[in-house]
Amino acid sequence: MYAHRINLPETSYASCTTRSQERMKKHAAAPNVRLIRSNPSYHSQNCINRNYASLSDTPHQIARLYDEWASLQTSLRAERGRHNSLSGRLRAASPLKSTSTGDVVDETREALLAEAKELKAKIVAVEAREAELEAEMQELALQLPTSPTRTYPLATSQRCSSTELSLLDFSDASTVSGWGWYYFLNEAVLLEQALINYALSLALSRGWKLPRDQHGEQQIYTLQQSASHQGKKPEHALAGTAEIPLAGMYANTTFTEDELPVKLVGVSRCYRAEAGARGVHEFTKVEMFAWTMPDANPPIPPNPHAETATPHPTTPTPTPSPSTPPQSSKIFSEMLTFQKDLLRSLHLPSRIILMPSTDLGASASQKIDIETYMPSRYNTANGPWGEVSSLSNCLDYQARRLNARVKLSGGPQGGKRTDFPYTLNGTAVAVPRVMLALMENGWDEEMQGIVVPEVLRKWMGGVEVIRKKH
(Lines give C-alpha, C1' and ligand atoms only; values in the text may rest on other atoms or scores of the structure.)
Protein backbone atom coordinates (compact mmCIF):
# COMPACT_ATOMS: atom_id res chain seq x y z
CA MET A 1 0.00 0.00 0.00
CA TYR A 2 1.02 3.57 -0.58
CA ALA A 3 -0.38 6.23 1.71
CA HIS A 4 -0.72 9.94 0.97
CA ARG A 5 -0.80 11.74 4.28
CA ILE A 6 0.77 14.69 6.03
CA ASN A 7 1.11 13.65 9.66
CA LEU A 8 4.88 13.02 9.52
CA PRO A 9 6.21 16.43 8.43
CA GLU A 10 9.79 15.99 9.64
CA THR A 11 10.37 13.17 7.16
CA SER A 12 8.36 14.75 4.38
CA TYR A 13 9.96 14.79 0.93
CA ALA A 14 9.08 18.45 0.45
CA SER A 15 10.10 19.62 3.92
CA CYS A 16 12.93 22.05 3.37
CA THR A 17 15.19 24.38 5.29
CA THR A 18 14.37 28.04 4.83
CA ARG A 19 16.80 30.75 3.86
CA SER A 20 16.81 34.10 5.52
CA GLN A 21 14.09 36.22 3.93
CA GLU A 22 15.88 39.32 5.10
CA ARG A 23 19.06 38.23 3.32
CA MET A 24 17.26 37.58 0.06
CA LYS A 25 15.35 40.85 0.39
CA LYS A 26 18.60 42.72 0.95
CA HIS A 27 20.18 41.32 -2.21
CA ALA A 28 17.07 41.43 -4.39
CA ALA A 29 17.38 43.81 -7.31
CA ALA A 30 14.37 46.03 -7.90
CA PRO A 31 12.62 46.09 -11.28
CA ASN A 32 13.39 48.96 -13.64
CA VAL A 33 11.94 51.90 -11.73
CA ARG A 34 12.39 54.18 -14.75
CA LEU A 35 9.91 52.12 -16.78
CA ILE A 36 7.37 52.16 -13.96
CA ARG A 37 7.47 55.87 -13.11
CA SER A 38 7.50 56.89 -16.79
CA ASN A 39 4.17 55.14 -17.39
CA PRO A 40 2.40 54.61 -14.05
CA SER A 41 -1.06 54.32 -15.62
CA TYR A 42 -0.02 51.26 -17.60
CA HIS A 43 1.42 49.50 -14.54
CA SER A 44 -1.54 50.53 -12.41
CA GLN A 45 -3.98 48.96 -14.87
CA ASN A 46 -1.76 45.88 -15.05
CA CYS A 47 -2.23 45.45 -11.28
CA ILE A 48 -6.01 45.69 -11.66
CA ASN A 49 -6.08 43.27 -14.59
CA ARG A 50 -4.16 40.69 -12.58
CA ASN A 51 -6.24 40.80 -9.36
CA TYR A 52 -3.79 43.05 -7.51
CA ALA A 53 -6.10 46.05 -7.25
CA SER A 54 -4.69 46.89 -3.82
CA LEU A 55 -1.39 47.73 -5.54
CA SER A 56 -2.92 49.87 -8.30
CA ASP A 57 -1.79 53.13 -6.68
CA THR A 58 1.77 51.87 -6.15
CA PRO A 59 3.05 52.89 -9.63
CA HIS A 60 1.65 56.40 -9.11
CA GLN A 61 3.25 56.47 -5.65
CA ILE A 62 6.58 55.58 -7.26
CA ALA A 63 6.09 58.40 -9.77
CA ARG A 64 5.39 60.87 -6.94
CA LEU A 65 8.48 59.75 -5.05
CA TYR A 66 10.55 60.15 -8.19
CA ASP A 67 9.23 63.69 -8.68
CA GLU A 68 10.37 64.53 -5.16
CA TRP A 69 13.75 62.88 -5.80
CA ALA A 70 14.18 64.80 -9.06
CA SER A 71 13.23 68.05 -7.34
CA LEU A 72 15.92 67.47 -4.73
CA GLN A 73 18.43 66.74 -7.46
CA THR A 74 17.57 70.03 -9.18
CA SER A 75 17.63 72.05 -5.96
CA LEU A 76 21.15 70.88 -5.16
CA ARG A 77 22.74 71.72 -8.49
CA ALA A 78 23.65 75.28 -7.49
CA GLU A 79 24.86 74.20 -4.04
CA ARG A 80 26.99 71.39 -5.45
CA GLY A 81 28.50 73.72 -8.03
CA ARG A 82 29.26 76.36 -5.42
CA HIS A 83 30.73 73.75 -3.05
CA ASN A 84 32.99 72.34 -5.78
CA SER A 85 34.16 75.86 -6.62
CA LEU A 86 34.93 76.63 -2.98
CA SER A 87 36.75 73.33 -2.53
CA GLY A 88 39.00 74.13 -5.48
CA ARG A 89 39.80 77.62 -4.20
CA LEU A 90 40.50 76.34 -0.69
CA ARG A 91 42.84 73.63 -1.94
CA ALA A 92 44.83 76.18 -3.93
CA ALA A 93 45.01 78.89 -1.27
CA SER A 94 47.38 79.06 1.71
CA PRO A 95 45.79 79.29 5.16
CA LEU A 96 48.12 82.26 5.94
CA LYS A 97 48.85 85.55 4.21
CA SER A 98 51.95 87.73 4.59
CA THR A 99 51.67 91.23 6.12
CA SER A 100 54.13 93.85 7.32
CA THR A 101 53.88 92.36 10.82
CA GLY A 102 54.26 88.76 9.66
CA ASP A 103 52.04 85.87 8.52
CA VAL A 104 48.45 86.02 9.82
CA VAL A 105 45.30 83.94 9.25
CA ASP A 106 43.61 84.71 5.94
CA GLU A 107 40.13 85.86 7.02
CA THR A 108 38.83 85.57 3.47
CA ARG A 109 39.80 81.89 3.41
CA GLU A 110 38.15 81.32 6.78
CA ALA A 111 34.94 82.78 5.44
CA LEU A 112 35.11 80.51 2.40
CA LEU A 113 35.76 77.50 4.65
CA ALA A 114 32.73 78.31 6.83
CA GLU A 115 30.53 78.62 3.74
CA ALA A 116 31.84 75.31 2.37
CA LYS A 117 31.05 73.53 5.65
CA GLU A 118 27.53 74.95 5.67
CA LEU A 119 26.94 73.84 2.08
CA LYS A 120 28.37 70.39 2.83
CA ALA A 121 25.96 69.88 5.73
CA LYS A 122 23.00 70.85 3.54
CA ILE A 123 24.13 68.56 0.72
CA VAL A 124 24.59 65.58 3.08
CA ALA A 125 21.10 66.06 4.54
CA VAL A 126 19.49 66.23 1.10
CA GLU A 127 21.46 63.24 -0.19
CA ALA A 128 20.27 61.22 2.80
CA ARG A 129 16.68 62.01 1.84
CA GLU A 130 17.47 61.09 -1.78
CA ALA A 131 18.75 57.69 -0.60
CA GLU A 132 15.57 57.16 1.42
CA LEU A 133 13.45 57.93 -1.64
CA GLU A 134 15.48 55.56 -3.84
CA ALA A 135 15.11 52.74 -1.29
CA GLU A 136 11.38 53.35 -0.98
CA MET A 137 10.90 53.32 -4.77
CA GLN A 138 12.80 50.03 -5.04
CA GLU A 139 10.80 48.50 -2.19
CA LEU A 140 7.51 49.47 -3.84
CA ALA A 141 8.67 48.29 -7.27
CA LEU A 142 9.39 44.81 -5.89
CA GLN A 143 5.73 44.49 -4.87
CA LEU A 144 4.43 44.92 -8.42
CA PRO A 145 3.56 42.05 -10.75
CA THR A 146 5.64 41.70 -13.89
CA SER A 147 4.51 43.04 -17.26
CA PRO A 148 2.97 40.69 -19.84
CA THR A 149 4.85 39.92 -23.04
CA ARG A 150 1.78 39.89 -25.26
CA THR A 151 -1.88 40.80 -25.37
CA TYR A 152 -3.80 38.48 -23.07
CA PRO A 153 -7.52 37.72 -22.72
CA LEU A 154 -9.31 39.69 -19.93
CA ALA A 155 -10.73 38.13 -17.87
CA THR A 156 -20.12 10.75 -17.19
CA SER A 157 -19.08 8.85 -14.13
CA GLN A 158 -16.53 6.03 -14.50
CA ARG A 159 -18.13 2.74 -15.44
CA CYS A 160 -16.02 1.06 -12.79
CA SER A 161 -14.73 3.01 -9.82
CA SER A 162 -11.13 3.01 -8.64
CA THR A 163 -12.22 1.37 -5.39
CA GLU A 164 -13.84 -1.52 -7.28
CA LEU A 165 -10.54 -2.00 -9.12
CA SER A 166 -8.72 -1.97 -5.75
CA LEU A 167 -6.67 1.06 -6.74
CA LEU A 168 -7.71 3.51 -4.01
CA ASP A 169 -8.79 3.13 -0.40
CA PHE A 170 -10.50 6.20 1.05
CA SER A 171 -12.16 4.51 4.01
CA ASP A 172 -9.09 3.28 5.87
CA ALA A 173 -7.07 6.39 4.97
CA SER A 174 -9.73 8.62 6.55
CA THR A 175 -9.28 6.73 9.81
CA VAL A 176 -5.53 7.37 9.75
CA SER A 177 -5.32 10.91 8.33
CA GLY A 178 -8.86 12.31 8.18
CA TRP A 179 -11.41 12.92 5.47
CA GLY A 180 -10.08 13.42 1.94
CA TRP A 181 -6.95 11.30 2.21
CA TYR A 182 -6.43 8.00 0.43
CA TYR A 183 -4.16 5.00 0.03
CA PHE A 184 -2.80 4.00 -3.38
CA LEU A 185 -3.17 0.25 -3.79
CA ASN A 186 -1.75 -2.35 -6.16
CA GLU A 187 -1.36 -1.09 -9.75
CA ALA A 188 -2.05 2.50 -8.68
CA VAL A 189 1.29 2.49 -6.85
CA LEU A 190 3.01 1.26 -10.00
CA LEU A 191 1.10 3.75 -12.15
CA GLU A 192 2.24 6.70 -10.04
CA GLN A 193 5.88 5.63 -10.23
CA ALA A 194 5.53 4.84 -13.94
CA LEU A 195 4.33 8.39 -14.68
CA ILE A 196 7.22 9.86 -12.66
CA ASN A 197 9.83 7.67 -14.34
CA TYR A 198 8.40 8.25 -17.80
CA ALA A 199 8.34 12.05 -17.39
CA LEU A 200 11.89 12.10 -16.00
CA SER A 201 13.20 9.78 -18.73
CA LEU A 202 11.56 11.84 -21.47
CA ALA A 203 12.98 15.07 -20.00
CA LEU A 204 16.49 13.62 -19.63
CA SER A 205 16.42 12.39 -23.23
CA ARG A 206 15.75 15.99 -24.32
CA GLY A 207 18.64 17.56 -22.43
CA TRP A 208 17.07 18.47 -19.08
CA LYS A 209 19.26 17.96 -16.01
CA LEU A 210 18.03 16.15 -12.89
CA PRO A 211 19.46 17.72 -9.71
CA ARG A 212 18.73 16.74 -6.13
CA ASP A 213 17.67 19.55 -3.83
CA GLN A 214 20.29 20.41 -1.22
CA HIS A 215 19.18 23.96 -0.53
CA GLY A 216 15.48 24.50 0.14
CA GLU A 217 13.38 27.60 -0.09
CA GLN A 218 10.52 28.70 2.12
CA GLN A 219 7.00 28.18 0.84
CA ILE A 220 3.57 28.89 2.26
CA TYR A 221 3.14 26.12 4.79
CA THR A 222 5.71 26.68 7.54
CA LEU A 223 5.91 23.90 10.12
CA GLN A 224 5.65 24.81 13.79
CA GLN A 225 8.83 24.16 15.75
CA SER A 226 8.96 22.74 19.24
CA ALA A 227 9.80 25.25 21.95
CA SER A 228 13.24 23.69 22.44
CA HIS A 229 14.12 24.21 18.75
CA GLN A 230 12.88 27.78 18.30
CA GLY A 231 15.74 30.15 17.63
CA LYS A 232 18.21 27.26 17.59
CA LYS A 233 17.36 25.25 14.50
CA PRO A 234 16.26 26.48 11.06
CA GLU A 235 12.55 26.51 10.25
CA HIS A 236 11.09 24.06 7.77
CA ALA A 237 8.27 24.42 5.30
CA LEU A 238 6.19 22.26 2.98
CA ALA A 239 6.93 23.25 -0.61
CA GLY A 240 4.04 23.69 -3.03
CA THR A 241 6.16 22.76 -6.05
CA ALA A 242 9.68 21.67 -7.00
CA GLU A 243 9.96 25.08 -8.67
CA ILE A 244 10.90 26.53 -5.25
CA PRO A 245 14.09 24.50 -4.59
CA LEU A 246 15.00 24.37 -8.29
CA ALA A 247 14.94 28.19 -8.46
CA GLY A 248 16.82 28.48 -5.16
CA MET A 249 19.73 26.43 -6.50
CA TYR A 250 20.98 29.48 -8.38
CA ALA A 251 20.24 32.25 -5.88
CA ASN A 252 23.10 34.78 -5.72
CA THR A 253 24.66 33.25 -8.86
CA THR A 254 26.22 35.09 -11.81
CA PHE A 255 26.01 33.12 -15.06
CA THR A 256 28.18 33.54 -18.13
CA GLU A 257 26.55 33.65 -21.56
CA ASP A 258 27.74 30.18 -22.50
CA GLU A 259 26.16 28.68 -19.35
CA LEU A 260 22.63 29.53 -20.44
CA PRO A 261 20.15 28.05 -20.93
CA VAL A 262 20.08 25.87 -17.80
CA LYS A 263 17.28 23.27 -18.00
CA LEU A 264 16.33 21.44 -14.81
CA VAL A 265 13.70 18.81 -14.01
CA GLY A 266 12.77 17.66 -10.51
CA VAL A 267 10.21 15.51 -8.73
CA SER A 268 8.75 16.27 -5.33
CA ARG A 269 5.84 15.82 -3.00
CA CYS A 270 3.82 19.04 -3.11
CA TYR A 271 1.52 20.58 -0.54
CA ARG A 272 -1.27 23.00 -1.38
CA ALA A 273 -4.67 24.09 -0.15
CA GLU A 274 -6.71 22.99 -3.14
CA ALA A 275 -10.16 24.43 -3.80
CA GLY A 276 -12.72 22.49 -1.79
CA ALA A 277 -10.07 20.55 0.13
CA ARG A 278 -9.82 20.45 3.89
CA GLY A 279 -6.44 21.63 5.06
CA VAL A 280 -3.40 20.92 2.91
CA HIS A 281 -3.51 18.52 -0.02
CA GLU A 282 -0.47 16.36 -0.84
CA PHE A 283 0.39 15.21 -4.35
CA THR A 284 3.39 14.27 -6.50
CA LYS A 285 4.55 16.39 -9.41
CA VAL A 286 7.44 16.44 -11.88
CA GLU A 287 8.45 20.04 -12.65
CA MET A 288 10.62 21.67 -15.31
CA PHE A 289 12.51 24.89 -14.56
CA ALA A 290 14.78 26.86 -16.92
CA TRP A 291 17.14 29.84 -16.79
CA THR A 292 17.63 31.65 -20.10
CA MET A 293 19.31 34.71 -21.56
CA PRO A 294 17.27 37.92 -21.24
CA ASP A 295 15.62 39.21 -24.38
CA ALA A 296 17.69 41.84 -26.18
CA ASN A 297 14.70 44.15 -26.42
CA PRO A 298 11.77 42.80 -24.38
CA PRO A 299 8.41 43.76 -25.90
CA ILE A 300 6.08 45.96 -23.84
CA PRO A 301 2.58 45.66 -25.32
CA PRO A 302 0.18 48.61 -25.33
CA ASN A 303 -2.42 48.53 -22.58
CA PRO A 304 -5.87 48.41 -24.18
CA HIS A 305 -7.61 49.28 -20.90
CA ALA A 306 -5.79 52.42 -19.82
CA GLU A 307 -6.68 55.45 -21.94
CA THR A 308 -3.81 57.45 -20.49
CA ALA A 309 -1.21 54.80 -21.23
CA THR A 310 1.74 56.04 -23.28
CA PRO A 311 4.37 54.01 -25.12
CA HIS A 312 7.01 52.53 -22.88
CA PRO A 313 10.59 53.75 -23.30
CA THR A 314 12.93 50.94 -24.23
CA THR A 315 16.64 50.47 -23.83
CA PRO A 316 18.42 51.27 -27.12
CA THR A 317 19.66 47.75 -27.77
CA PRO A 318 19.48 45.82 -31.04
CA THR A 319 16.20 44.10 -31.84
CA PRO A 320 16.65 40.37 -32.52
CA SER A 321 16.13 39.22 -36.08
CA PRO A 322 12.70 37.66 -36.68
CA SER A 323 14.49 34.49 -37.76
CA THR A 324 16.23 34.28 -34.38
CA PRO A 325 13.62 34.32 -31.61
CA PRO A 326 14.70 35.15 -28.04
CA GLN A 327 16.10 32.24 -26.08
CA SER A 328 13.25 32.38 -23.58
CA SER A 329 10.72 32.03 -26.41
CA LYS A 330 12.55 29.01 -27.80
CA ILE A 331 12.65 27.33 -24.39
CA PHE A 332 8.96 28.15 -23.86
CA SER A 333 8.16 26.42 -27.16
CA GLU A 334 10.40 23.48 -26.25
CA MET A 335 8.65 23.02 -22.90
CA LEU A 336 5.21 23.24 -24.51
CA THR A 337 6.22 20.64 -27.11
CA PHE A 338 7.36 18.35 -24.29
CA GLN A 339 4.01 18.71 -22.50
CA LYS A 340 2.01 18.06 -25.67
CA ASP A 341 4.14 15.04 -26.64
CA LEU A 342 3.78 13.51 -23.19
CA LEU A 343 -0.01 13.84 -23.13
CA ARG A 344 -0.33 12.56 -26.72
CA SER A 345 1.75 9.50 -25.86
CA LEU A 346 -0.68 8.81 -22.99
CA HIS A 347 -3.63 9.12 -25.43
CA LEU A 348 -5.25 11.90 -23.39
CA PRO A 349 -7.41 14.40 -25.33
CA SER A 350 -6.24 17.84 -24.25
CA ARG A 351 -6.62 21.52 -24.99
CA ILE A 352 -4.33 24.54 -24.46
CA ILE A 353 -5.63 27.72 -22.83
CA LEU A 354 -3.94 31.14 -22.90
CA MET A 355 -4.49 32.41 -19.37
CA PRO A 356 -6.16 35.79 -18.80
CA SER A 357 -4.65 38.61 -16.79
CA THR A 358 -6.46 37.66 -13.57
CA ASP A 359 -4.83 34.21 -13.58
CA LEU A 360 -1.25 35.23 -14.33
CA GLY A 361 -0.26 35.80 -10.70
CA ALA A 362 2.47 38.28 -9.82
CA SER A 363 5.43 36.60 -11.48
CA ALA A 364 4.24 35.25 -14.84
CA SER A 365 4.43 37.43 -17.92
CA GLN A 366 2.98 34.72 -20.15
CA LYS A 367 1.14 31.59 -19.02
CA ILE A 368 -0.75 28.73 -20.58
CA ASP A 369 -2.70 25.89 -18.96
CA ILE A 370 -3.32 22.47 -20.49
CA GLU A 371 -6.57 20.73 -19.66
CA THR A 372 -7.42 17.09 -20.28
CA TYR A 373 -10.82 15.61 -21.03
CA MET A 374 -12.31 13.97 -17.91
CA PRO A 375 -15.76 12.43 -18.42
CA SER A 376 -16.56 12.47 -14.69
CA ARG A 377 -16.65 16.28 -14.80
CA TYR A 378 -19.51 16.53 -17.27
CA ASN A 379 -21.95 17.87 -14.70
CA THR A 380 -19.55 20.32 -13.06
CA ALA A 381 -19.52 24.09 -13.56
CA ASN A 382 -16.39 24.00 -15.74
CA GLY A 383 -17.48 21.09 -17.88
CA PRO A 384 -15.54 17.89 -18.73
CA TRP A 385 -12.06 19.39 -18.61
CA GLY A 386 -9.49 19.40 -15.82
CA GLU A 387 -6.12 21.14 -15.60
CA VAL A 388 -3.13 18.80 -15.72
CA SER A 389 -0.29 21.12 -16.70
CA SER A 390 0.80 24.75 -16.87
CA LEU A 391 3.69 26.73 -18.34
CA SER A 392 4.91 30.23 -17.41
CA ASN A 393 7.55 32.70 -18.59
CA CYS A 394 8.44 34.92 -15.63
CA LEU A 395 10.97 37.14 -17.44
CA ASP A 396 13.40 38.58 -14.83
CA TYR A 397 10.85 38.69 -11.96
CA GLN A 398 12.34 35.73 -10.06
CA ALA A 399 15.96 36.45 -11.02
CA ARG A 400 15.83 39.92 -9.45
CA ARG A 401 14.46 38.55 -6.21
CA LEU A 402 16.99 35.70 -6.17
CA ASN A 403 19.83 38.10 -7.04
CA ALA A 404 20.79 35.97 -10.05
CA ARG A 405 22.62 37.73 -12.88
CA VAL A 406 24.33 37.05 -16.18
CA LYS A 407 27.47 38.68 -17.61
CA LEU A 408 26.94 39.87 -21.18
CA SER A 409 29.11 41.38 -23.85
CA GLY A 410 28.47 44.91 -25.04
CA GLY A 411 29.51 46.75 -21.91
CA PRO A 412 31.36 50.08 -21.70
CA GLN A 413 34.53 50.25 -23.79
CA GLY A 414 33.99 46.75 -25.13
CA GLY A 415 33.84 45.19 -21.66
CA LYS A 416 31.17 43.16 -19.89
CA ARG A 417 27.84 44.27 -18.48
CA THR A 418 25.44 42.47 -16.18
CA ASP A 419 21.74 41.83 -16.64
CA PHE A 420 19.09 39.56 -15.13
CA PRO A 421 18.37 36.17 -16.74
CA TYR A 422 14.82 35.02 -17.42
CA THR A 423 13.13 32.04 -15.75
CA LEU A 424 10.47 29.65 -17.03
CA ASN A 425 8.64 26.88 -15.22
CA GLY A 426 6.29 24.20 -16.43
CA THR A 427 4.62 21.00 -15.26
CA ALA A 428 6.05 17.82 -16.72
CA VAL A 429 3.36 15.72 -15.06
CA ALA A 430 0.95 16.38 -12.15
CA VAL A 431 0.67 12.74 -11.17
CA PRO A 432 -2.74 12.36 -9.42
CA ARG A 433 -4.61 14.39 -12.03
CA VAL A 434 -3.03 12.51 -14.92
CA MET A 435 -3.75 9.21 -13.14
CA LEU A 436 -7.42 10.21 -12.87
CA ALA A 437 -7.49 11.11 -16.56
CA LEU A 438 -5.86 7.77 -17.46
CA MET A 439 -8.36 5.82 -15.38
CA GLU A 440 -11.31 7.58 -17.03
CA ASN A 441 -10.10 7.77 -20.63
CA GLY A 442 -8.42 4.35 -20.54
CA TRP A 443 -11.51 2.41 -19.56
CA ASP A 444 -12.33 -0.42 -21.98
CA GLU A 445 -15.90 -1.65 -21.66
CA GLU A 446 -15.24 -4.93 -23.42
CA MET A 447 -12.22 -5.78 -21.28
CA GLN A 448 -13.85 -4.32 -18.17
CA GLY A 449 -10.58 -2.70 -17.23
CA ILE A 450 -8.23 0.26 -17.70
CA VAL A 451 -5.80 0.00 -20.62
CA VAL A 452 -2.29 1.08 -19.59
CA PRO A 453 -0.58 3.27 -22.24
CA GLU A 454 2.24 1.41 -23.93
CA VAL A 455 4.89 3.98 -22.88
CA LEU A 456 4.22 3.17 -19.19
CA ARG A 457 4.16 -0.60 -19.31
CA LYS A 458 7.88 -1.18 -18.77
CA TRP A 459 7.52 0.48 -15.36
CA MET A 460 4.31 -1.46 -14.63
CA GLY A 461 5.83 -4.93 -14.61
CA GLY A 462 4.31 -5.58 -18.03
CA VAL A 463 0.72 -4.91 -16.92
CA GLU A 464 -1.35 -3.99 -19.97
CA VAL A 465 -4.86 -3.84 -18.50
CA ILE A 466 -5.92 -3.13 -14.90
CA ARG A 467 -8.92 -5.30 -14.07
CA LYS A 468 -11.08 -6.10 -11.08
CA LYS A 469 -9.56 -8.35 -8.44
CA HIS A 470 -11.50 -11.55 -7.81
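For the condition open to solvent by less than 90 Å² (accessible area, probe 1.4 Å) and at pLDDT 75 or above, residue 135 qualifies.
Counting only residues that are of a type in the set (Val, Ile, Thr) and open to solvent by 20 Å² or more (accessible area, probe 1.4 Å), region 360-386 holds 1 of them. Of everything in region 406-415, what is surrounded by fewer than 20 Cβ atoms within 10 Å (Cβ to Cβ) and either in a strand (DSSP E or B) or at pLDDT 90 or above (or both)? Give them in sequence order. Matches in region 406-415: 407, 408, 409. Looking across region 360-380, the residues that are of a type outside the set (A, V, I, L, M) and more than 21 Å from residue 329 (Cβ to Cβ) come down to 371, 372, 373, 375, 376, 377, 378, 379, 380.
If you scan region 371-404, which residues turn out to be assigned to a loop (DSSP other than H, G, I, E, B) and among the aliphatic types (A, V, I, L, M)?
Correct list: 374, 381, 395, 404.
Tell me, which residue of region 416-452 that is under 15 Å from residue 257 (Cβ atoms) and open to solvent by less than 30 Å² (accessible area, probe 1.4 Å) is nearest to the chain's Cα centre (by Cα)? Residue satisfying both the conditions and the ranking: 422. Taken over region 267-292, the residue count meeting the criterion of being within 21 Å of residue 198 (Cα to Cα), modelled with pLDDT under 85, among the hydrophobic types (A, V, I, L, M, F, W, C) and open to solvent by less than 50 Å² (accessible area, probe 1.4 Å) is 2. Only one entry of 333, 389, 328, 357 meets the criterion of being open to solvent by 60 Å² or more (accessible area, probe 1.4 Å), out of contact with any His (no Cβ under 7 Å at 6 or more places or on another chain) and small (Gly, Ala, Ser), and that entry is 333.
Take residue 179 and tell me if it is crowded, with 16+ Cβ neighbours inside 10 Å and either farther than 28 Å from residue 337 by Cα or at pLDDT 70 or above (or both).
The answer is no for residue 179.
If you go through region 453-470 and keep only what is over 34 Å from the mean Cα position of the chain (by Cα) and either within 22 Å of residue 386 (Cα to Cα) or open to solvent by 10 Å² or more (accessible area, probe 1.4 Å) (or both), you end up with 454, 457, 458, 461, 462, 463, 464, 465, 467, 468, 469, 470.
Filter region 200-222 for residues that are hydroxyl-bearing (Ser, Thr, Tyr) and surrounded by fewer than 18 Cβ atoms within 10 Å (Cβ to Cβ); which is modelled with the lowest pLDDT? I'd like the intermediate steps shown before the answer.
First pass over region 200-222, keeping only residues hydroxyl-bearing (Ser, Thr, Tyr): 201, 205, 221-222.
When the remaining residues are screened for being surrounded by fewer than 18 Cβ atoms within 10 Å (Cβ to Cβ), the result is 201, 205, 222.
Details: 201: 88, 205: 90, 222: 58.
Only one residue tops the list, namely 222.
Please indicate, with yes or no, whether at least one residue in region 349-359 is closer than 30 Å to residue 54 by Cβ and in a strand (DSSP E or B). Checked against the condition, which is being closer than 30 Å to residue 54 by Cβ and in a strand (DSSP E or B), region 349-359 yields at least one hit.
The values are calculated or read from the model by the stated rules, or taken from the named source; none is laboratory data. Keep in mind it's a predicted model, so treat the numbers as computed, not measured. Don't worry about glycine lacking a Cβ; one is built from the backbone with ideal geometry, like all the others, and counts go over all protein chains shown. For accessibility, only protein heavy atoms count, side chains too; no ligands or nucleic acids. Shrake-Rupley method; radii C 1.70, N 1.55, O 1.52, S 1.80 Å.
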